[in-house]
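Values quoted throughout were computed directly from the atomic coordinates according to the rules given, and no laboratory measurement underlies them. Given the structure is predicted, the values throughout are model-derived calculations rather than measurements. No Cβ is skipped: glycine too gets one built from the backbone with ideal geometry, and neighbour counts run over all protein chains shown.
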Amino acid sequence: MNRKQSEVLYEEALQHIVGGVNSPSRSFKAVGGGAPVFMKKAQGAYFWDVDGNRFVDYLAAYGPIITGHAHPHVTKAIAEAAANGTLYGTPTELEIQLAVMLKEAIPSMDKVRFVNSGTEAVMTTIRVARAYTGRNKIIKFAGCYHGHSDLVLVAAGSGPSTLGIPDSAGIPTSIAHEVITVPFNDPTGLQEALEKWGDDVAAVMIEPIVGNFGMVMPKPGFLEDVCRLARQYGALVIYDEVITAFRFHYGSAQTYAGLDNHDAIKPDLTALGKIIGGGLPIGAYGGSKEIMEKVAPLGPAYQAGTMAGNPASISAGIACLEVLQDSKVYEEMNRLTVKLTAGLADSAKRHGVPLTINQIRGSFSTHFCDHPVTNYDEAQDTDSEAFAAFFRAMLNRGVNLAPSKFEAWFLTTAHTEADIDFTLEAAEASFKEIAG
Ligand code: PLP
């Protein structure tokens, strides 16, 4: 496959944009380096690059693009919003509409506030939890990624671990000392941390279903333990549902049928992003009325945003959720994903490539190893070189994956049976190639 033009643009980008990319996860550093592919157009399940190559896309922009690229309903909503002005700096009726849609789908949220990114949403939930509890420390789980704000970039997951920077430079140790990291799926680790620091823990922050060291389900009872232990020590529970909300069904992980006992796993605060903006920048957070009333202008916890709740993002979000309200779209994504993962597993086996696949509805992760992946250590203990070789082999055959062994594959409502067949053919040839 000729990608000459991408190479030329990458050289140029390096002159002007740090590392040539506007987010480190877009660089090919973790898959052997070189020029990332410069895409020119995206439609449905496909990308076309600057050299005219077509790719079936499973990146979905790291999650938000669940209705496929340039979905007509979403595109129309954005165009209409733009024609009426993109930013007002005043309240609008649209914001109420999206807030109500989110509350109906995620009943633990009595009150919502829109922000501009998942990072902001998470960062603010921590501030609100600190304001509410009067405590400082946060407990998080190894490998879970919660955006790039100081507190949660301590022993963080996908991007930083891929690049081998467990703690970013520029974060004061005094801040890092406010964060305790414990293993996912290990209630004993959490209990020990709470026994030691419980009096000063404001919140336990978790991806209730992990999307950042592959897709990883909590073990049965784990979320119940997290909520029970946090409450026993007077800490709030924050769910980071930036990836998981509206990914598996019309709702979030906390209401997903794959996890029982919804009352016992109900969080105090939830952070949202990605899908709820239909492909435009957005974040949101919400929780009980009592906790959310700590936020300005009602309460002492300050949070603001010039761009927050802008009509374009809100309209795209509403349109995206409208598409997802048809439950058939989730069934179809699941059906195609089951076919894809079964085919990938067969192909890998045929060529003697060890592969563990974690599938949750229309998303899954491929781990080049022969053991289960239930926590970050197990996700790290996989063959990075085999993943990099597979990634490149698939790219050369027109399949676009995230350039990191920790990232998920996401299906969209635009993927078809023919796309799955195409991908499985590419995978068969790719596994054969990497097996040698
Ligand atoms: N939380 C989770 C679970 C995420 O996966 C991400 C981004 O990948 C974030 C937070 C940060 O969101 P954003 O990139 O919109 O700032």
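Observations on the model:
- Ranking 119, 287, 232 by how far each Cα lies toward the positive end of the dipole of the range 72-324 (charges on Cβ) leaves 119 at the top.
- Legend: ranking of residues 382, 416, 255 from fewest to most surrounding C-beta atoms inside 10 Å; resulting order 416, 255, 382.
- Most mobile listed residue (251, 85, 221) in the chain, GNM with C-alpha springs under 10 Å: 85
- Annotation: the residues 175, 276, sorted from fewest to most other C-beta atoms within 10 Å of their own C-beta, follow the order 175, 276.
- Degrees, to the nearest 10: 311-324 long Cα axis against longest axis of the chain: 70 degrees
- A straight line joining the Cα centroids of the range 351-382 and the range 76-152 runs 31 Å.
- Amide H contacts under 5 Å for residue 66: none, restricted to partners 5 or more places along the chain or on a different chain, H placed in the peptide plane at 1.01 Å from N.
- Note on 146, 177, 415: ascending count of other Cβ atoms within 10 Å places them as 177, 415, 146, the fewest first.
- Between the amide H of residue 236 and those of 203, 204, distances stay under 5 Å, these residues lying 5 or more places away or on another chain, with hydrogens modeled in the peptide plane.
- Helix-only mean residue ellipticity at 222 nm for the chain, each DSSP H run of n ≥ 4 adding -39500 (n - 2.57), per residue, nearest 500: -11500 deg cm²/dmol
- The residue list 321, 273, 358 was ranked by how far each Cα lies along the charge dipole of the range 268-366 toward its positive end, using unit charges on Cβ atoms, and 358 comes out on top.
- Between helix 417-435 and the chain: long-axis angle, C-alpha atoms, 0 to 90°, nearest 10: 70 degrees
- For the chain, the relative contact order comes to 22 percent (Cα pairs under 8 Å, sequence separation of at least 6).
- Between 0 and 90°, nearest 10: helix 187-197 axis offset from the chain longest Cα axis: 40 degrees
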